[in-house]
Amino acid sequence: SSLTCPHCLKQSNTFDPFLCISLPIPLRQTRALNVTLVLQCERRRFVRVGLAVPLLGTVAELREMVAREGRIPPEQVILAEVSPRGFLRSLGDAEELGAAGEGAPLYAFQPPPARRTGTVPPAPPLAGGCLPAPLGLAGSCGGGGGSHPPPAARSSDCLHPTAGGRILLLLCNTAGNGPRLARFGPPLVLREERGVSWEQLQQSILAPLRALLRGEVRVQGAGALFRIRLAGGSAPCTYLSPQDPRPLCHPAIDRALQLSEAGGPPHVKLTVEWDMSTKER
């Protein structure tokens, strides 16, 4: 309060403690997080959105927010961190949101629609015209069945004799070697048959990349145009073999499917490694 004498004009100011109210500064409850949506829509293929996510929330809440932004069911959302060198990890629903998106930019993938039941083509025959045999038996080539697979058969032939079903593949294309390895093009998501050959897998990977490559790449008889490495998980340096008649039936693919975090459909993250000479030709 302030009081002024009318005679000497002296002013007296008094500060009463009970008139001073201390207000706590509100704590921040949310943080900004940018997420790039990879959708199965021609008009909205890649959409980057900014979200205010709760600091003490879980990835399940983030999945719900992303699903609302993309107008897709939450169970179809796959969340993964993608660095300039490729995939880092997938995010599970039980994880806390505190560290989500800090290691690398965050992407949300919508899987392609599943093919209707009954339209899956039969698995191709093995090399030499052999038909898939029961587990633990060799392929039938006109002779008697033995108790061991033929010498040219891979472990994938024994583990998946029917090679049925389709799996989700998250793909990152990279070029260079060692510390110069760098990602090019957007990350992609495919739904592929497990029984495809290496050449068929190459065709599926090349199809969305033709606009990014300088020249037309001929797959027929070209051999292995790139290397395919499993990203993330417990075996980050596992490569699929071009000599394997069914590379997606490799045991490492099964382990990757089992290790894919809860939340979203099971998937496998693959890094496609190109040599600079192949990419630029």
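Computing FRET efficiency as 1/(1 + (r/R0)^6) for Ala94 and Leu55, where r is the C-beta to C-beta distance and R0 is 22 Å, gives about 0.85. A convex hull fitted around the alpha carbon atoms of region 30-110 yields 82 Å³ per residue.
Here is the list for region 61-99: trypsin sites (Lys or Arg not before Pro) lying in DSSP coil, each with at most 11 other C-beta atoms within 10 angstrom of its C-beta, are Arg71.
The chymotrypsin sites (Phe, Trp or Tyr not before Pro) of region 1-102 that DSSP puts in a loop, and whose beta carbon has at most 14 other beta carbons within 10 Å, are Phe15.
A simple spin-label model places the labels of Gln258 and Arg43 4.5 nm from each other, with each point 7 Å out along Cα-to-Cβ.
Highest mean packing comes first when the peptides 201-210, 188-197 are listed by Cβ atoms within 10 Å, giving 188-197, 201-210.
The slack between Thr36 and Glu64, meaning 0.36 nm per residue of separation minus the straight C-alpha distance, is 8.6 nm.
All of the numbers you see were taken from the coordinates with simple rules; none came from a lab. Just so you know, these numbers come straight off a predicted model, no measurement behind them. With ideal geometry, Cβ positions are generated from the backbone for all residues, glycine too; neighbour counts draw on all protein chains shown.
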